[in-house]
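Right, one structure below, let's go through it.
The values are calculated or read from the model by the stated rules, or taken from the named source; none is laboratory data. What you see is a predicted model, and the numbers here were worked out from it, not measured in a lab. Positions of Cβ are generated from backbone atoms using ideal geometry, with glycine treated the same way; all protein chains shown enter the neighbour counts. The area values use the complete protein model at the heavy-atom level, side chains included, leaving out ligands, DNA and RNA. Shrake-Rupley method; radii C 1.70, N 1.55, O 1.52, S 1.80 Å.
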Amino acid sequence: MNPHFEISLAGSESSFACAADDTILRAGLRQGLGLAYECNTGACGSCKFDLLEGEVFDLYPEASGLRAKEREKGKRLACQCVPKADCRIKIRTGDLYRSMVRPARFRARLISYRALTPDMGLFSFKSACPAEFAAGQYAMLTPAAGAMTRAYSMSNTENAEGVWEFIIRAVPGGAVSPLFGGLPEGHEVEIDGPFGVAYFRPQIDRPVVGIAGGSGLAPVLSIMHAAGMDESFTRDLHVFYGGRGPADIPDIPGLLGDAAAKVSCHPAVSMPELAQQQGWQGDVGFVHEFLPEKLKQPLADFEYYMAGPPAMIEAVVRMLVVEHKVAMEQIHFDRFF
Ligand code: FES
């Protein structure tokens with residue numbers, strides 16, 4: 001039987017059981033605790049903790065989410081540590097991080113694959129359990145035993161049929177995406193989720209803007225599906241999507257399906273030479289540069305959901321907050337860097 005260890009939180013009465021093959025972060029979230037996190041992959045540093053007592057095994061000692069100095073002082077990342085004994089830890093907590101749907105591990109099988117661009121595809125999996133998650137959240141996918149686990153956002157919305165759709169981009173030398181290219185239908189993967197705090201907040205009374213690059217399109221599509229299919233949601237919906245060249249731009253209205261009628265799509269390509277070579281008639285530039293022109297009202301009037309390359313996220317946040325005085329509370333993204 002898989003042994004479990006007790007993890008107690010300093011400064012509170014809370015404690016939880018963590019299986020020897022589970023990370024401290026995910027075990028805590030599974031049991032309804034609001035342990036601070038964002039990426040689940042060792043990159044953002046949000047889940048750092050002090051190990052006060054006990055012993056852990058660090059799955060990823062080179063993770064960029066922790067500086068060498070912090071590591072020397074005994075800090076660790078909860079998303080990358082599994083327990084080797086009962087532990088007492090000091091970690092940041094907050095209600096924001098408490099999962100509305102408790103994350104769980106389960107098997108799912110590949111039911112379809114569709115290419116969206118030369119290096120991006122839509123993968124659909126089916127689980128025996130319902131697909132329960134908030135629009136904009138992500139799950140951890142392990143494509144085969146012993147393979148690397150990666151975070152991918154769902155591009156559909158929750159459903160009783162257990163269908164999980166992900167947009168996956170082939171990264172040269174990437175550990176996961178080449179495997180997917182060769183997976184036959186019916187292949188089983190492990191899904192662990194849902195996770196993420198950049199989920200859709202439909203109760204906020206502002207029009208919604210989704211900004212994405214690369215496979216960051218997935219959570220934005222999920223949010224647009226959720227808002228677009230909700231008849232009571234009548235505020236404006238916008239998708240800004242950036243690629244290097246025209247070939248990187250998928251058929252976004254096609255992916256939105258029935259929700260497309262309510263969504264304004266604003267694609268842009270960033271490389272003028274590719275735009276010219278491939279006869280692109282649309283906007284050329286970094287996608288965020290087009291927000292003021294396309295939105296036609298003060299940018300502080302909107303609620304923003306973003307996913308994509310770190311440089312894009314940083315540029316958008318800087319522009320919205322510094323130049324247009326948008327409050328950080330109106331900008332939602334999970335930091336994967
Ligand atoms: Fe652990 Fe990001 S480093 S959640």
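Only the Cβ atoms of Lys and Arg (+1) and of Asp and Glu (-1) were treated as charged; on that basis the dipole of the range 4-97 about its Cα centre amounts to roughly 320 debye. At q = 0.11, 0.13, 0.17 Å⁻¹, what base-10 log of I(q)/I(0) does the Debye formula yield for the range 31-165 when every alpha carbon is treated as an equal point scatterer in vacuo? Results for the range 31-165 at q = 0.11, 0.13, 0.17 Å⁻¹ read -0.50, -0.68, -1.04. The range 242-270 and the range 309-328 have Cα centres lying 21 Å from one another. Taking 0.36 nm per residue of separation and subtracting the current Cα-Cα distance, fully stretching the chain between Met328 and Ala144 would add 62.4 nm.
Can you tell me the length gained on complete extension of the stretch Glu231 to Asp119, counting 0.36 nm per residue apart and subtracting the Cα distance? Spell out each step's value before the answer.
Details: separation 112, 0.36 × 112 = 40.32 nm, distance 3.45 nm.
Fully extending the segment from Glu231 to Asp119 adds 36.9 nm.
Each 5 Å bin from zero holds the following percent of Cα-Cα pairs in the range 184-337: 2, 9, 19, 21, 21, 15, 8, 4, 2, 0.
The packing ranking of peptides 192-204, 98-110, highest mean first, is 192-204, 98-110, where packing means the average number of other beta carbon atoms within 10 angstrom of each residue. When both bridge partners sit in the chain, DSSP labels roughly 65% of those beta bridges antiparallel. Thr142 sits among other residues whose Cβ lies under 14 Å from its own Cβ, and their net charge, with Lys and Arg +1 and Asp and Glu -1, is 0. For the chain, the longest principal axis of the alpha carbon atoms and the long axis of helix 217-228 meet at an angle near 70°. Site pair Glu188 and Asp95 shows an inter-label distance of 4.1 nm when each label is modelled 7 Å from Cα along Cα→Cβ. Taking 1.567 mPa s as the viscosity and 4 °C as the temperature, the Stokes-Einstein diffusion coefficient of the chain based on its alpha-carbon Kirkwood radius rounds to 62 µm²/s. For the pair the range 14-33 / the range 193-210, the C-alpha centres are spaced 25 Å from each other.
Got a sec? Which residues in the range 21-56 would a label at Ser8 touch, if it sits 7 Å along Cα→Cβ and we count backbone N under 16 Å? Flagged as within label range: 51-55. Taking a sphere under 12 Å around the Cβ of Asp86 and counting the other residues whose Cβ falls inside, with K and R at +1 and D and E at -1, yields a net charge of -1. What is the percent carbon and sulfur in the accessible area of the chain, measuring with a 1.4 Å probe over the protein chains and ignoring ligands? On the chain, the fraction of accessible area on carbon and sulfur atoms equals 52 percent.
What does the charge count around Lys75 come to, taking other residues whose C-beta lies under 10 Å from its C-beta (Lys +1, Arg +1, Asp -1, Glu -1)? Walk me through the numbers before you get to the answer.
On the way: positive: Lys48, Arg67, Lys69, Arg71, Lys73, Arg76, Lys90; negative: Asp50, Glu70, Glu72.
That sum, taken over residues with Cβ under 10 Å, equals +4.
The residues of the chain present an accessible area of 45 Å² per residue when probed at 1.4 Å with all protein chains retained.
With the highest mean first, a sort of the peptides 42-51, 62-71, 212-221 on other beta-carbon atoms found within 10 angstrom per residue produces 212-221, 42-51, 62-71.
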